[in-house]
Amino acid sequence: MNKNLLIYVVEDNKLYHKLVVDFLQKQGLKRIKSFYNGKDCLNAIKNGERPDIVIEDYHLEDSTGIAVLQAVKKINKRTEFIFLTSHEDMEVAVNSIKYGAFDYIIKDNDIALKKVYNKIGKISKIIELEKRNRFVRNAMMVSLAILVGIVIFVALHEFFNLFGLKA
């Protein structure tokens, strides 16, 4: 797992907020920024930060998790969201996934944070695969451009030879 992912924690319950941040740091994750409301999270993103993952509560004092997710996705589609919430509502969970959340985890027990960590690992793998795919795609485009250049050069060379012209 890439321990250098930029992870935002957005949780308005100060006790649970500290619990989440401390847990992630103990797992070796190095780049964790935390916010107690959606507004501060969005301001950081509007100022140019691009988190890889946002872990957030669904119900925040100043907004809903869906509102934050939608605003962030407009700025950066690649940011993944994990909802970590006590709001146990199937419709909310389905809508969260529908709007682009990676997962919706209920804070109901002591394994919720372990589930979050496992999801971070899966997202990390996806991010690495996407990076490799972009690299391979770019390498293929460069190779194709070189090949087209060679074909054009050879064609022009043969054209000039055909008519006895010097290039």
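The values are calculated or read from the model by the stated rules, or taken from the named source; none is laboratory data. Bear in mind that the values here come from a model prediction, so they are computed numbers and not experimental data. We place every Cβ from the backbone using ideal geometry, glycine too, and count neighbours over all the protein chains shown.
Once segment 103-129 is narrowed to residues that are assigned to a loop (DSSP other than H, G, I, E, B) and without any contact (Cβ under 8 Å) to a residue 24 or more places away in the chain, the residue that is surrounded by the fewest Cβ atoms within 10 Å (Cβ to Cβ) is Asp110.
Can you find a residue that is acidic (Asp, Glu) and surrounded by 14 or more Cβ atoms within 10 Å (Cβ to Cβ) anywhere in segment 79-88? It would help to see each step written out before you state the result.
To start, the set of residues in segment 79-88 that are acidic (Asp, Glu) comprises 80, 88.
Applying the additional criterion that residues be surrounded by 14 or more Cβ atoms within 10 Å (Cβ to Cβ) yields 80.
Yes - at least one qualifying residue is present in segment 79-88.
Taking the conditions exactly as written (out of contact with any helix residue (DSSP H, G or I) (no Cβ under 6 Å at 6 or more places or on another chain), outside any loop (DSSP other than H, G, I, E, B) and farther than 22 Å from Leu5 by Cα), does Leu144 satisfy them or not? Yes.
Just wondering, is there one or more residues in segment 136-146 that are at pLDDT 90 or above, closer than 30 Å to Lys26 by Cβ and not hydrophobic (A, V, I, L, M, F, W, C)?
Of segment 136-146, the ones at pLDDT 90 or above are 136-146.
Narrowing further to those that are closer than 30 Å to Lys26 by Cβ: none.
Checked against the condition, which is being at pLDDT 90 or above, closer than 30 Å to Lys26 by Cβ and not hydrophobic (A, V, I, L, M, F, W, C), segment 136-146 yields no hits at all.
Residues considered: Val10, Val94. Of these, the only one that is farther than 15 Å from Lys119 by Cβ and in contact with a strand residue (DSSP E or B) (Cβ under 7 Å, 6 or more places away or on another chain) is Val10. A single entry from Gly100, Gly65, Gly164 fulfils the requirement of being surrounded by 12 or more Cβ atoms within 10 Å (Cβ to Cβ) and at positive phi: Gly100.
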